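Read-outs: derived from the displayed coordinates by stated rules, not from any lab. Since this is a predicted model, take the numbers as computed values, not measurements. So basically every Cβ, Gly included, is an ideal-geometry build from the backbone, and we count neighbours across all protein chains shown.
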Ligand SMILES: Nc1ncnc2c1ncn2[C@@H]1O[C@H](COP(=O)(O)OP(=O)(O)OP(=O)(O)O)[C@@H](O)[C@H]1O
Ligand SMILES: [Mg+2]
């Protein structure tokens, strides 16, 4: 402990512990850098470290159950821990049931340390959250916004298609799709959905209620399940392309929100093409009759809009750069735009959980 080096990186190693309902692996050790805090949320602290799986060192992010109020009681701590454990179950279910994990962090384990603190370990996503690009009413380049929304729609399609241990459908609804919970990998067009801390699935709930869900993105109370994720991605896309929120009034009500409540002028002022306006309006439709029937329909329409836009030269260059790892959904959408010889990413990369 004495030297400066060891003080900078005090690592704690602990074995994985079995938790019912979670996939755990033998021969896993976790080392957490206790000195640095990456982020501090209401219920958790985010730290860096690594997982050692069968001798392989994998950089990891650790979400530590830690209420941000003073002297939490044991029942309050238990509630926070319960929420984190269910978040771990969602990430575990996604990691093990999805065809690929390109748009959310891979689950690396859930455990309780010797001192009784619970942690969720997951893959590190290199980049920044999308809200950093939307400060002070700034909008994104239209092409970029649709590229990101398309990938998050793909992530949510996987969530809604998740299955349980028996392979039966067990959809996961994210319930907090906002720019704060979307990470963009630096120097790349890759978008990742994080933070399943408010999610819901039949039989598992993090117990998050309205106050946990980001207020400006909350859907009307009648919009639930897949429709709620569609709505929230619609709000997120609206903010990405205009820099402002679609609704002035809070949608926390039974009332159906009508188009007159929506800031339509913002879409016109931002010169949004009609096809994209129609897609956004269909996502922000509070009647089930008119809203998208599924996230897959929403994703497909976003894909059609993307293909109808003039190809962005930066995006085209990125797709063809040797270093870039183009997500499979974008490869499929633009099969003719990748002209570099090796069209596909390395087999197995991000398509299987580590150690599986
Ligand atoms: N897998 C990851 N890789 C890299 N950074 C991450 C990862 N997961 C979370 N973070 C960072 O930690 C922050 C908080 O994570 P998360 O949203 O899961 O927690 P939270 O408790 O809900 O926090 P908040 O209340 O700020 O939303 C993220 O905004 C991001 O900067
Ligand atoms: Mg969050």
- Item | Cα pair distances in segment 265-337, grouped into 10 Å bins until the bin that holds the longest one, percent each | 16, 39, 31, 12, 1
- Message: At 0.36 nm per residue, and after removing the present C-alpha to C-alpha distance, how many nm does the segment from residue 311 to residue 168 gain when stretched out fully?
- Response: 47.5 nm
- Message: Averaged across orientations, what area in nm² does the convex hull of the alpha carbons in segment 127-310 project?
- Response: 10.7
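Starting with the fewest neighbours, write out 186, 47 ranked by other beta-carbon atoms found within 10 Å of each beta-carbon. Numbers along the way, then the final one.
Working: 186 9, 47 21.
Listed from fewest to most nearby Cβ atoms, that is 186, 47.
Dividing the alpha-carbon radius of gyration of segment 138-188 by 2.2 N^0.38 Å (N being the number of residues), what value is obtained?
Numbers: Rg = 13.9 Å, N = 51, 2.2 N^0.38 = 9.8 Å.
Taking the Cα Rg and dividing by 2.2 N^0.38 Å, one obtains 1.42.
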- Query: Quick one: Debye curve from the C-alpha atoms of segment 12-123, no solvent, what's log10 I(q)/I(0) at q = 0.13, 0.14 Å⁻¹?
  - Reply: -0.46, -0.53
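Out of every Cα-Cα pair in segment 76-184, what percent are more than 25 Å apart?
Details: 1823 of 5886 pairs.
Here the long-distance tail beyond 25 Å is 31 percent of all Cα pairs in segment 76-184.
Could you line up 319, 183 from fewest to most neighbouring Cβ atoms inside 10 Å?
Values: 319 19, 183 23.
By the 10 Å Cβ count, ascending, the order reads 319, 183.
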- Treat each spin label as a single point 7 Å out from the Cα along the C-beta direction, and report the residue 69 to residue 136 distance in nm. 3.6
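From the C-alpha gyration tensor of segment 118-167, pull out the three semi-axes of the equivalent ellipsoid (sqrt of 5λ each), sorted largest to smallest, in whole Å. List each step's numbers first, then the result.
Numbers: eigenvalues 162, 63, 14 Å².
The three semi-axes for segment 118-167 are 28, 18, 8 Å.
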- Message: Along the Cα→Cβ direction, 7 angstrom out, place labels at residue 261 and residue 186. What is the inter-label distance in nm?
- Response: 4.1
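Remind me, relative contact order of segment 38-111 in percent, using alpha carbon pairs under 8 angstrom and six or more residues apart? Mind showing how you got there, number by number?
Working: 77 pairs, mean separation 15.9, N = 74.
With pairs under 8 Å counted, the relative contact order is 22 percent.
Rank the residues 64, 166, 29, 202 as a footprinting-exposure proxy: fewest other Cβ atoms within 10 Å of their Cβ go first.
The fewest-first ordering by Cβ neighbours comes to 166, 202, 29, 64.
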- Expected unfolding gain across residue 288-residue 35 under the 0.36 nm per residue rule, minus the alpha-carbon gap, is 86.2 nm
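Grab the alpha carbons of segment 44-83, take their convex hull, and tell me the volume per residue in Å³. Show your work: numbers first, answer last.
Working: hull volume 3.3 nm³, N = 40.
Roughly 83 Å³ of hull volume per residue.
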- Once label points are set 7 Å from the Cα along Cα→Cβ at both residue 221 and residue 100, what is their separation, rounded to one decimal in nm? 4.1
- Only residues of segment 185-205 count here: report those whose backbone N is under 12 Å from the spot 7 Å along Cα→Cβ of residue 126, or say none. 185-188
